[in-house]
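Reviewing the structure listed below.
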Amino acid sequence: QGTQVAFGAIKADPTLPVEVTSDTLDVNQTDGSAVFKGNVLIGQGEMRMSAQRVLVIYNQERGGIQRLQATGDVVLVSGPDAAEADRADYSIDTGVIVMTGDVLLTQGRNALTSDEMTVNLTTGTANMVGRVKTILQPDEDN
Amino acid sequence: MDRYSRTVAFLKVLLPLLALAILATVFLLSRTDGPNANIPFAEGDITERVRDQRITRPFFSGVTDKGEEITVDADAARPGTADRPGGADNIRATIKMTGGTSILLESDSGAIDPTGDVVMLTGDVRITSSTGLHVQTEALNAALSGVRADTPGRVTGTGPMGRFTAGRMEIGAKSDEEDVHMLFKDGVNLIYEPQKLKDN
């Protein structure tokens, strides 16, 4: 159910190194949780995601990062497509980003809005669910 | 008196004397390390020690009112003079937090100023936290009366979230009730390699 759209130019490789830049990184010394704050930019291959705050969630058994939880005007860009939302959960191993909170997806001159969108970087597809609205711009030039 | 009894008589005198002589030398030939045995110090060491006072293996520890234990120890410490501040070599400072986690600060040299409530670590400062963070920097100032530390310069480090560099680092808690945080400031750049985890 929901609208299936293509997202991102190429099939992303989830094993590429992930680079994160931000103003500050705060590591709690009791439970070890790490939070990036202040124009955080996550980059991996073609994908760029920016947000105000990104929480790192670790894999309990295998170690390493299980997912990055971005909140605060999240913008995801991959190839020609861009998506905005209030929150995004990016699980690195599977390359799946779940965006929630009035999602706006712009592809070229078309725009789609919905409550939630699941982007799969490895297959280059996005699935929008919840009050999906599409705004198609008629091409004046042809 | 025939020859035999003369020799016996002579031996009766000679042998006790010999015994007496042997007995006397027993105490003379005893081992040489008497009470004033010399302490094994190199010559240079002695002149150096005479020139400036030194404390070997100094140890300083305290408990903050929140219950965090701070212990500072070093290989050697020299008290400050008018022109030269007090210094210490191979400093190790361990902060044990109430939650059971701990932070270890090590450096090649530094200075401890208990009255100014600060220990200044300089020269290849290494910070290791029990949450898996290993941070290196050039200098770090840590408070002795509480868990507060900061680095004036850049830090590089590795942790469960990857390799990172940052402009500065601060260790501390915003208020007494809160947990202690390691805050990396002035621009953070981190690289996380998922690939490495898949191999092992």
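Structural remarks
- Scanning segment B:186-200 for residues that are more than 7 Å from chain A (Cβ to nearest Cβ) and either under 10 Å from residue A:65 (Cβ atoms) or at pLDDT 85 or above (or both) returns a single hit, B:186.
- Residue A:35 falls short of the stated requirement of being under 19 Å from residue B:158 (Cβ atoms), out of contact with any Asp or Glu (no Cβ under 9 Å at 6 or more places or on another chain) and surrounded by 16 or more Cβ atoms within 10 Å (Cβ to Cβ).
- Selection within segment B:133-181 - away from every other protein chain (no Cβ under 13 Å), over 19 Å from residue B:116 (Cα atoms), touching a residue at least 12 places away in the same chain (Cβ under 8 Å) and in a loop (DSSP other than H, G, I, E, B): B:153, B:154, B:176
- Tallying residues that are more than 19 Å from residue A:66 (Cα to Cα), more than 9 Å from chain B (Cβ to nearest Cβ) and assigned to a loop (DSSP other than H, G, I, E, B) within segment A:1-26 yields 7.
- Hits in segment A:64-79 (condition: among the β-branched types (Val, Ile, Thr) and either over 11 Å from the mean Cα position of the chain (by Cα) or open to solvent by less than 20 Å² (accessible area, probe 1.4 Å) (or both)): A:65, A:74
- Residue in segment B:40-47 that is open to solvent by 100 Å² or more (accessible area, probe 1.4 Å) and modelled with pLDDT of 85 or more present: no
- Meets criteria (of a type in the set (D, E, K, R), within 16 Å of residue A:75 (Cα to Cα), open to solvent by 10 Å² or more (accessible area, probe 1.4 Å) and more than 8 Å from chain B (Cβ to nearest Cβ)) for residue A:61: no
- The one condition from (1) more than 14 Å from residue B:70 (Cα to Cα); (2) more than 12 Å from chain A (Cβ to nearest Cβ); (3) in contact with a Leu (Cβ under 6 Å, 6 or more places away or on another chain) that residue B:123 does not meet is (3).
- One residue stands out in segment A:27-61 among those that are part of a loop (DSSP other than H, G, I, E, B) and among the charged types (D, E, K, R): the one that is modelled with the lowest pLDDT, namely A:61.
The values are calculated or read from the model by the stated rules, or taken from the named source; none is laboratory data. Everything quoted here is computed from the prediction, not taken from an experiment. When we count neighbours, we look across all protein chains shown, and the Cβ atoms used for this are built from the backbone with ideal geometry, even at glycine. Ligands, DNA and RNA are stripped out before the accessible areas are found, and what is left, the full protein with its side chains, is counted by its heavy atoms. Shrake-Rupley method; radii C 1.70, N 1.55, O 1.52, S 1.80 Å.
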